[in-house]
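Notes follow once the structure below has been shown.
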Amino acid sequence: MALLEIVNYPAPVLLTVGKPVEHFDDRLKTFVEDMFETMYEAKGVGLAAPQVAVSNRIFVMDCSHEEDAAQRIAAINPEVIYVEGEQTGDEGCLSFPGLYVPITRNQRAVLRAQDVNGNWFELDGEELTARCILHETDHCDGVVFLDRMTKLKRELAKRKIKRLQKIGKWD
Ligand code: NI
């Protein structure tokens, strides 16, 4: 297994719609294992392929931080098929290091995706699980959490990123 390099905003790959996965081969399985390893190493609860500069519809998530194997999810060709309710809470993203901003999302989200063998499954999540499903599926659509902020928070976040870029703490 190998650690992958996580790219930061505004890398163009983060703002590009990912291509669907067609081949469920060993190469995909290895890539997904590398994504899990990279996510755990970075202490994240979710990581999408565009964040490691691969423009495909793939993400991994584990809201239990390796405590519960049932929460270790790899989603290939994900779609959100149902949402309900609303929640607001601080959200971060491994491609925006050090940035935590309150974001309003649905309270519940149902994910439909394929596993690494190509079998379709559904995941019905609430709270953090729903937030993670929505955030990571967004990445596969070329949407970053900056796009989900209120206008004011987005301007503040962009200013902070510019400041960090200027002092060389954001690349
Ligand atoms: Ni993210």
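What to note about this one:
- In a DSSP loop and with at most 11 other Cβ atoms within 10 Å, the GluC sites (Glu not before Pro) in segment 37-106 are GLU66, GLU67, GLU86.
- Remark: segment 96-113, residue by residue, has Karplus-estimated 3J(HN,Hα) of 10, x, x, 9, 10, 9, x, 10, 8, 9, 6, 6, 9, 9, 10, 9, 10, 7 Hz, where x stands for each Gly or Pro and the curve is 6.51 cos²θ - 1.76 cosθ + 1.60 at θ = phi - 60°.
- Cα centroid separation, segment 1-29 to segment 83-147: 17 Å.
- Percent accessible area from carbon and sulfur atoms, segment 1-89, protein chains only, probe 1.4 Å: 51 percent
- Beta bridges by DSSP in the chain, antiparallel share as percent, to the nearest 5: 95 percent
- LYS43-ASP124 pseudo-label distance in nm [points 7 Å out on the Cα-to-Cβ vector]: 3.4 nm
- Accessible area per residue for segment 12-166 is 51 Å², calculated with a 1.4 Å probe on protein heavy atoms, without ligands, DNA or RNA.
- Cα gyration tensor category, rounded, prolate or oblate, for segment 1-88 with a/c compared to 1.5: rounded
- Exposure rule at most 12 other beta-carbon atoms within 10 Å, DSSP loop trypsin sites (Lys or Arg not before Pro): the chain longest free segment: 44-168
- Theoretical gain in end-to-end length, GLU84 to GLU67 [0.36 nm per residue, Cα-Cα removed]: 3.4 nm
- Screening the chain for whole DSSP H helices of 15 Å or more along their axis (Cα) with average Kyte-Doolittle hydropathy at least -0.5 returns 127-140.
- GNM on the chain, alpha-carbon springs under 10 angstrom: the most fluctuating residue among HIS65, HIS135, HIS23 is HIS23.
- For the chain: rounded, prolate or oblate by the Cα gyration tensor [a/c cutoff 1.5]: oblate
- Per-pair calculated FRET efficiency, R0 = 41 Å: ARG112 and LYS153 via Cβ, rounded to 0.05: 0.85
- Spin-label model distance (nm) - ARG163 vs GLU33, 7 Å beyond Cα toward Cβ: 4.3 nm
The values are calculated or read from the model by the stated rules, or taken from the named source; none is laboratory data. Here the structure is a predicted model, which is why all the values come from computation and not from measurement. Positions of Cβ are generated from backbone atoms using ideal geometry, with glycine treated the same way; all protein chains shown enter the neighbour counts. Only protein heavy atoms, including side chains, enter the accessible area calculation; ligands, DNA and RNA are left aside. Shrake-Rupley method; radii C 1.70, N 1.55, O 1.52, S 1.80 Å.
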